[in-house]
Ligand SMILES: Nc1ncnc2c1ncn2[C@@H]1O[C@H](COP(=O)(O)OP(=O)(O)OP(=O)(O)O)[C@@H](O)[C@H]1O
Ligand SMILES: [Mg+2]
């Protein structure tokens, strides 16, 4: 516009918006904003669920890469040597061998018991891979030389009042209390509860840990592991780490956290995503109908005006263009308002997080998803605005002018 | 300047055909202020719409400034109307979302002239119709007579060769009608503006240079000879 020429479509659109009905304008923008919110809200929550679930899998269950026994074998043999070798692979920042066995844990105070998988690790190694040591809510984490001590999850420890428990528990175990553990081989041992951890994950917080040293004294498990967790530099690099480990000549099953976790939440996420797609589709239909109706009513009310403009020599394209610009304006305002509302919701939900079985969910805004929804919204809106505008702008001048 | 030969217009309403113009041949010269008169339903507006390229005749030819405009396509007709023709309608036909100045400026803006220049020419024609003090008013803040003068200013802003007016005084009282007619007369006398105006008010006749009478979609030749003895069409 450097030469001072001014596009008539913009000229008309600006004035129609400025001098048009404020209430209708605000309502339309609000509806489009809500459409944007609806299109993205569910995926925001799903994003939060996925993020926390992934983080928990990595931090407490699988590390970045999990090594498991070969097909048809119960144990990884020579695990001590394997752990030492794995530590030397570039990109590995931590390695910890786990040995898990079924055991029945009984609260000595009240006789309540739970049968669980009890896992043994080397506490020093474990802190290089998992984050239990940062999640101790009472007492202390295990130390290398500990015997006769046990670390249990807060949900397993439970409450004296059973009604407060989320899952079956030992009915209120505290640090310093004694529990007895009955092993599969018939051995029964008494342990002092050294620490209680809380990660917010239901499965995780109902597990229990002892040191390798303690386990080895009960069972002949030296140099064996049921799994080895490996931590690398980042979750995204897990795939590369897996191949580095396999290339190193490890014959056991090597799987990334992602591959391990897929089965459990994968189906749920797939269903969520389907719901989300359906919702997005419905929202787009709603958006296009709203824009169509708004433009349609707008244009029907202005048939005479459009006839006048054409009569005095305003080109059809300029008239249609002015309505499309108005639609663009409505959509842009709606999208901005929608993103603000989404951020507002995200903020509120960060301060007051939603409680899910795996813990507190803080929403994760997926900007690429929002971008896609915005592009779709603009596309359907422009089409919905274009159709009535084009139809009326193509009417015979005298018919349109008759109103 | 305008030559119409054998202009026909047939409206089709389902199976019924209404012949609004049955072959009208006329000629209007540059600088004339011509009135089109006749009974209601005789085809005055229809004739004006054909001459003003607001409609396409079913038959006949129209030449404006020697150019055959009957063959123009929609796009070309729009451009032609913008550049060469001005319109004044009975109900003012102003754009409610534009203020007075903008209403008048819009045909100039559509021509692609710089905005400042468009506003300057709009303000200048608004001065000619006596509305210099109303530039930023919205249309509904004006009286009918004032609105009609805005619409006259809009018709003039692109300096058209012909201004068409379809009963511009029908919604106005005598005083405002007189203002509009005086305005037309001075535009015609002082600037040589060609004006074609439809009217059915007998007292408007004193303003016209010449009157074309229409009856039942045809020229009313008897009336014509009677009223314009000097003229032969
Ligand atoms: N769009 C249309 N469809 C069908 N018939 C029409 C249409 N427009 C006009 N007519 C008919 O054509 C004839 C001429 O109409 P026109 O409007 O030109 O009359 P007029 O001389 O302007 O009358 P008035 O003085 O009442 O304005 C009338 O019989 C009218 O009913
Ligand atoms: Mg008429």
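The values are calculated or read from the model by the stated rules, or taken from the named source; none is laboratory data. Predicted model, so just to flag it, every value in this text is computed and none were measured. Every residue, glycine as well, gets a Cβ built from its backbone with ideal geometry; the counts of neighbours run over all protein chains shown.
Specify the residue that is surrounded by the most Cβ atoms within 10 Å (Cβ to Cβ); the eligible residues are those in the stretch B:149-158 that are touching a helix residue (DSSP H, G or I) at 6+ places or on another chain (Cβ under 6 Å) and part of a helix (DSSP H, G or I). Only one residue fits best here, namely B:154. Among residues of the stretch B:52-78 being free of Cβ contacts under 8 Å to residues at least 12 places away in the same chain and surrounded by fewer than 16 Cβ atoms within 10 Å (Cβ to Cβ), the one that is nearest to residue B:19 (Cα to Cα) is B:71. Taken together, A:58, A:52 contain a single residue that is touching a helix residue (DSSP H, G or I) at 6+ places or on another chain (Cβ under 6 Å), in a helix (DSSP H, G or I) and surrounded by 15 or more Cβ atoms within 10 Å (Cβ to Cβ), which is A:58.
Whether a residue is more than 16 Å from ligand 2 (Cβ to nearest atom) and without any contact (Cβ under 8 Å) to a residue 24 or more places away in the chain was assessed, and residue B:25 does not pass this test. Consider the stretch B:138-172. How many of its residues are within 16 Å of ligand 2 (Cβ to nearest atom) and within 12 Å of chain A (Cβ to nearest Cβ)? Residues flagged as within 16 Å of ligand 2 (Cβ to nearest atom) and within 12 Å of chain A (Cβ to nearest Cβ) within the stretch B:138-172 amount to 2.
Reported count of residues in the stretch A:177-193, each being closer than 21 Å to residue A:97 by Cα and crowded, with 23+ Cβ neighbours inside 10 Å, is 0. Just checking, does the stretch B:119-137 include any residue being assigned to a helix (DSSP H, G or I), at negative phi, under 19 Å from the mean Cα position of the chain (by Cα) and within 11 Å of chain A (Cβ to nearest Cβ)? Among the residues of the stretch B:119-137, not one is assigned to a helix (DSSP H, G or I), at negative phi, under 19 Å from the mean Cα position of the chain (by Cα) and within 11 Å of chain A (Cβ to nearest Cβ), which makes the answer no.
Restricting A:353, A:357, A:363 to those that are away from ligand 2 (no atom under 16 Å from the Cβ), at pLDDT below 90 and buried (at least 22 other Cβ atoms within 10 Å of the Cβ) reduces the list to A:363.
Of the residues making up the stretch B:50-103, those that are in contact with a helix residue (DSSP H, G or I) (Cβ under 6 Å, 6 or more places away or on another chain), within 8 Å of chain A (Cβ to nearest Cβ) and within 16 Å of ligand 2 (Cβ to nearest atom) number 4.
Restricted to the stretch B:173-208, and to residues there that are assigned to a loop (DSSP other than H, G, I, E, B) and surrounded by fewer than 17 Cβ atoms within 10 Å (Cβ to Cβ), the residue that is nearest to ligand 2 (Cβ to nearest atom) is B:200.
For residue B:161, the criteria (1) touching a strand residue (DSSP E or B) at 6+ places or on another chain (Cβ under 8 Å); (2) buried (at least 21 other Cβ atoms within 10 Å of the Cβ) hold in every case but one, which is (2).
Residues are listed down the side, and each one gets a yes or a no for (1) more than 9 Å from ligand 1 (Cβ to nearest atom); (2) within 14 Å of chain A (Cβ to nearest Cβ); (3) not in a loop (DSSP other than H, G, I, E, B):
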position: B:9; (1), (2), (3): no, yes, yes
position: B:12; (1), (2), (3): no, yes, yes
position: B:19; (1), (2), (3): no, no, yes
position: B:23; (1), (2), (3): yes, no, yes
position: B:30; (1), (2), (3): yes, no, no
position: B:39; (1), (2), (3): no, no, no
position: B:45; (1), (2), (3): no, yes, yes
